[in-house]
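Q: Once you've had a glance at the structure underneath, I'll fire off some questions.
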Amino acid sequence: MSQREPQHDASVPADEAIARHREELKKRFPLPAPSRTPKPRSLTTLSVVVAMLGFICALVWFDPSYKSEQFASAIGKPQVIRLTDGSLITLDAASRVKVSWHLRSRRVELQSGQALFSVSPALYRPFLTTAGATRIKVVGTRYNVSRQQGSVRVTVEQGRVEVRGGESSVQLVAGEQVLVRNGQLGTRQQVDAAAVAAWTKGRLVFDRTPLRDVLEVIQRYQRTAIVMHDRSLAELPVSGTFESARLDGMLALLPKILPVELSADGNGTLHLKRRAAKK
């Protein structure tokens, strides 16, 4: 007898027949391994890193401020301010400063009056001071800045500073001073820096100081208004050392050392006039 071929049950669907032998088919005919293609996000990650680096570089270049503070002293009351970096600012009476902290610098704007700065060194974070159009740059030193009307006077007690007025600049060392008037840098001069800063110890030292500047200093220490009626008196020189707590005596002395008359009205305002010539 001849062998007969095995018969398949026609009633069983082909899908079911394949399903029964699925595992065996996987072994006999394995699928190819999937190819590894770069993930699209790797390029995105690189772009983000580059963008972040650019942002950080821009921050460093523009040196933005992240914190600012305002300080003001009362009439007749100097004030000592200790900054977070250890620097000290001694504000003269009736003076104002704005302190701002930047990524690459420390900055102080002397808005009015006078201040003595004792700066803690920070090589990569210079201490920048502005007073009107005058700009002062230091790393660590001690210097005095006085702002009066259209002039700024910078005096160095310790260390070295760079003072810029307009397009010019000058390097000052201990015992030197420069006057910047209306934004124009003057000539560097030798001075007694300790005498300039004597106001921090209650003494006001004037050395041929114009009367208008003397009166402005006096106004920091008393509320009584002083009116100068003759502008020609403004440049009269005043010299001497006076106690800031006893300025009434100084005012009484003015008619004795200058050709002026001092009188008070009913409101207490003091009036300064040129002394009439004797006939």
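Q: If you take every residue apart from Leu110 with its C-beta less than 13 Å away from the C-beta of Leu110, what net charge results, scoring Lys and Arg +1 and Asp and Glu -1?
A: Local charge sum for Leu110: +4.
Q: Would you mind checking the pairs Lys77/Lys137; Lys77/Lys98; Lys201/Lys273 and listing those with alpha carbons more than 25 angstrom apart?
A: Going by Cα-Cα distance, Lys77/Lys137; Lys201/Lys273 fall outside the 25 Å limit.
Q: On to the next question. I need the shape label for region 62-196. Rule: rounded when a/c is under 1.5, else prolate if a/b > b/c, else oblate, with a, b, c from the alpha carbon gyration tensor.
A: Since a/c stays below 1.5, the shape of region 62-196 is classed as rounded.
Q: Listed highest first by mean packing, meaning other Cβ atoms within 10 Å per residue, what order do 125-136, 258-269 come in?
A: 125-136, 258-269
Q: Going by a ≥ b ≥ c, the root eigenvalues of the Cα gyration tensor, does region 202-274 fall in the rounded group (a/c under 1.5), the prolate group (a/b larger than b/c) or the oblate group?
A: The shape class here is oblate.
Q: Okay, moving on. Could you compute how fast region 136-243 diffuses translationally, taking Rh as the Kirkwood radius over C-alpha pairs and applying Stokes-Einstein at 20 °C with viscosity 1.002 mPa s? Give it in µm² per second.
A: Diffusion coefficient, whole number: 144 µm²/s.
Bear in mind that the values in this text are calculations on the coordinates, not laboratory data. In this text the structure is predicted, and so the values were computed from the model without any measurement. We place every Cβ from the backbone using ideal geometry, glycine too, and count neighbours over all the protein chains shown.
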